[in-house]
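As structure tokens, the structure follows; a few thoughts come after it.
The values are calculated or read from the model by the stated rules, or taken from the named source; none is laboratory data. Every value quoted in this text rests on a predicted model; they were computed, and no experiment measured them. For neighbour counting, all protein chains shown are included, and Cβ atoms are generated from backbone atoms with ideal geometry for every residue, glycine included. These area figures cover heavy atoms from the full protein model, side chains too; ligands, DNA and RNA do not enter into them. Shrake-Rupley method; radii C 1.70, N 1.55, O 1.52, S 1.80 Å.
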Amino acid sequence: MAWWDDAAEAAGSAIGWVGDGVEAVVDIATETAEEVTETVTEVAIDVLDGARDGAAAVSPALGGVANVVLGVVKGGVQATQETFAIVFDTVRNAGSLVNAVLHFDLAGIIADLGNIAINVGQAVVLVVRVGTGAYFGAAVSDYFARDDSLGVIRALVIDEFGTPEGESILRRLGWGTTHFGFPIVASASIMVADSNSFPFVELHDDDDHTLDLYAMAGLLSLNGFQIARERTRVVRVDDDGNDMWYLPIHRYAIRSFLDSGGTNMRIRAYAMEPAATGKAMRTARKKFKKLCIDIGWDTPFNFATFQAFNAQPCTNLREFDFFPGRTFEAGRWFATNTPREGRLEEDGSPLCIGVFGFADDKHGLVTGRRIKRGLDGCGPDDASDACITTIDRSRKDFMSLDSDGDGVDDLKDDRTGCGCTWRDTYPPYFSRIVLAHELGHYFGLAHAGHDGVHNIMFSKAENETFGKGSWRLWLHGDPNFVEEDVEHAWRFIVKQMPHVLRAL
Ligand SMILES: [Zn+2]
């Protein structure tokens, strides 16, 4: 062991706990403040949205007036909330920076400075958007777009189900009331690796440095210099199997754990901090309102730090490095390891799993969806039935069951589950969108036709960075679903999930 390792550990044990304390206090204070402003804003916006839908249900003319008047008010509410959000996030990043400094964690310092630079950029954009009226323009135009979207959805539902049944479904979705939306109960699970069943020491010590336990615990790592690391969390576990969340884990603890071959204590690693999970869930819920889909989570995301999110065991490297681009294997994994087996009745309750990472550096993955637009002769805006995303539920949907081509099916038609996985990519400004993006795929959306980073369904690998509608970046300030997404998602819902609508 080199002398600087010992020096770093001595310093870490003496000063590190001060940094942990500072960060913990700042995190709790900013999370509480943010929770209050988010909740107040959400209630205010629900009231405004309800009044708008109610006015539009009375007459189109009254709806038009409501779109303008209530839209301007909503724009003001959103600008106020976002101002607070940027302030709180900057304070939180400053607390994290202090902690990184006290841990001599240079990679962490650079990452936190990067986050603070993003906050400054957000503040500049906010001032420009308020000064040029973008907030008010966005809210008013979103309200007019909602009228169009409701018309499109109505036509698709009546077309598919006929008038009597279609009207009945629309009524159950809230047509003509103060709220229209498709209620979905989604579930989020976070991968957890436990030293009782996961080979931490082996993977930390192998030649590839498959994992870096110091970095995973948010500590200075001398094994590598990783700025863009996920917000994973490592805790010690007591004899009863409970997390010792009150006991910050330090370099010396990790080192002695590794030196003992993983026998002197029990630890657990979480794929992401609760705050990161909560932010992703809240963002998905907010963004899906545009699609007229109400994402309700089975675990609340409020005060995320104090929530016990569902846990998904991670017991081997295959799960730790989640299935590189091989969606059949990922589908099989869902069917064998989670309650999702590709059954019809599961379609309305997506399961999203927060993973440690992807071997091919993906940010997220949807399984059980065969996306066709932009592929196999389907144009990006093709609305024909042949180009609607389909659901893969078992092996035969992925491949031929006749593996040797002798005309006899020799493979078993194993079930495959549907769901989403995502990881906490750096920076958090980007990663909060990933879960909404994967759920977008779950509801049939493709990357094709989404040139421009103003789209939630944008993919760096497949789309141009700027495309038609890039002015929306000024209007909305961050990525959103667009009007075409409403039509494509609902075309998918009526064609592939009619049983979910009928069961409402
Ligand atoms: Zn994607």
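Surface composition of the stretch 194-270: carbon and sulfur make up 45 percent of the accessible area, probe 1.4 Å. For the chain, the 222 nm mean residue ellipticity estimated from helices alone, with every DSSP H stretch of n ≥ 4 adding -39500 (n - 2.57) and the total spread over all residues, rounds to -16500 deg cm²/dmol. The mean accessible area for residues of the stretch 194-270, using a 1.4 Å probe and ignoring ligands and nucleic acids, is 50 Å² per residue. For the stretch 3-156, the Cβ-based charge dipole about the Cα centre amounts to some 980 debye (Lys, Arg positive; Asp, Glu negative; other atoms uncharged). Two numbers describe the Cα atoms of the stretch 194-270: Rg and Dmax, which are 11.8, 35 Å.
Along the chain, the exposed loop sites are trypsin sites (Lys or Arg not before Pro) outside DSSP states H, G, I, E and B with at most 13 other Cβ atoms within 10 Å, and the longest stretch free of them is 1-342. Surface analysis of the stretch 301-454 yields an accessible area of 41 Å² per residue, using protein heavy atoms and a 1.4 Å probe.
Taking Cα atoms only, the orientation of helix 106-131 departs from the longest principal axis of the chain by about 30 degrees. Each of Ile227 and Thr83 was given a label point 7 Å from its Cα along the Cα-to-Cβ line. The distance between the two points is 3.2 nm. Could you work out how far the C-alpha centroid of the stretch 286-316 sits from that of the stretch 78-109, in angstrom? Comparing the Cα centres of the stretch 286-316 and the stretch 78-109, I get a distance of 23 Å. Computed from point charges on the beta carbon alone (+1 for Lys and Arg, -1 for Asp and Glu), the dipole magnitude for the stretch 101-216 about its Cα centre is near 1060 Debye. Between Val128 and Ser141, the simple spin-label model (points 7 angstrom out along Cα→Cβ) gives 1.5 nm. Dimensions of the chain along the principal axes, based on C-alpha atoms and rounded to the nearest Å, stand at 76, 70, 43, largest first. Surface composition of the stretch 1-143: carbon and sulfur make up 80 percent of the accessible area, probe 1.4 Å.
Given R0 = 25 Å, the distance between the Cβ atoms of Val65 and Ala155 translates into a calculated FRET efficiency of 0.50. FRET efficiency for the pair Val101 and Asp259, taken as 1/(1 + (r/R0)^6) with r the Cβ-Cβ distance and R0 = 30 Å, rounds to 0.65. Applying the criteria of a DSSP loop state and at most 14 other Cβ atoms within 10 Å to the chymotrypsin sites (Phe, Trp or Tyr not before Pro) of the stretch 408-504 yields Phe466, Trp471. A 1.4 Å probe, protein heavy atoms only, puts the accessible area of Met244 near 30 Å².
Which of the pairs Lys286/Lys460; Lys74/Lys362; Lys290/Lys460; Lys287/Lys460; Lys290/Lys495 have their Cα atoms more than 25 Å apart in this structure? Result: Lys74/Lys362 exceed 25 Å. Over the stretch 3-156, accessible surface divided per residue gives 45 Å², non-protein components excluded, 1.4 Å probe. Computed on the stretch 386-504, with alpha-carbon pairs under 8 angstrom and 6+ residues apart, the relative contact order is 21 percent. Counting heavy atoms of the protein chains alone, Tyr214 has an accessible area of about 20 Å² for a 1.4 Å probe.
For the chain, the residue among Cys420, Gly16, Tyr442 whose Cα projects farthest onto the positive side of the dipole built from Cβ charges is Tyr442. Our note on the geometry: Cα centres of the stretch 188-252 and the stretch 143-185, 47 Å apart. By the beta carbon rule, with partners counted only under 4.7 Å, the chain holds these lone Cys residues: Cys292, Cys314, Cys418. Using the Cβ-Cβ distance between Asp413 and Arg326 with R0 = 22 Å, the FRET efficiency computed as 1/(1 + (r/R0)^6) comes to roughly 0.75. For the stretch 1-156, the equivalent ellipsoid derived from the Cα gyration tensor has semi-axes of 47, 15, 14 Å, listed largest first.
For the pair Lys460 and Asn310 in one chain, pulling the backbone fully straight at 0.36 nm per residue adds 50.9 nm over the alpha carbon distance.
Dividing the convex hull volume of the alpha carbon atoms of the stretch 38-121 by its residue count gives 93 Å³ per residue.
Once the chain from Ala33 to Leu317 is taken as fully extended at 0.36 nm per residue, the excess over their C-alpha distance is 98.4 nm.
Under the rule a/c < 1.5 gives rounded, and otherwise a/b versus b/c splits prolate from oblate, where does the stretch 361-428 land using the Cα gyration tensor? Verdict is oblate for the stretch 361-428.
Computed over the stretch 219-324, the range of Cα coordinates on each principal axis works out to 54, 33, 25 Å, biggest value leading.
Placing dummy labels 7 Å off each Cα toward the beta-carbon, the span from Val47 to Thr338 is 3.8 nm.
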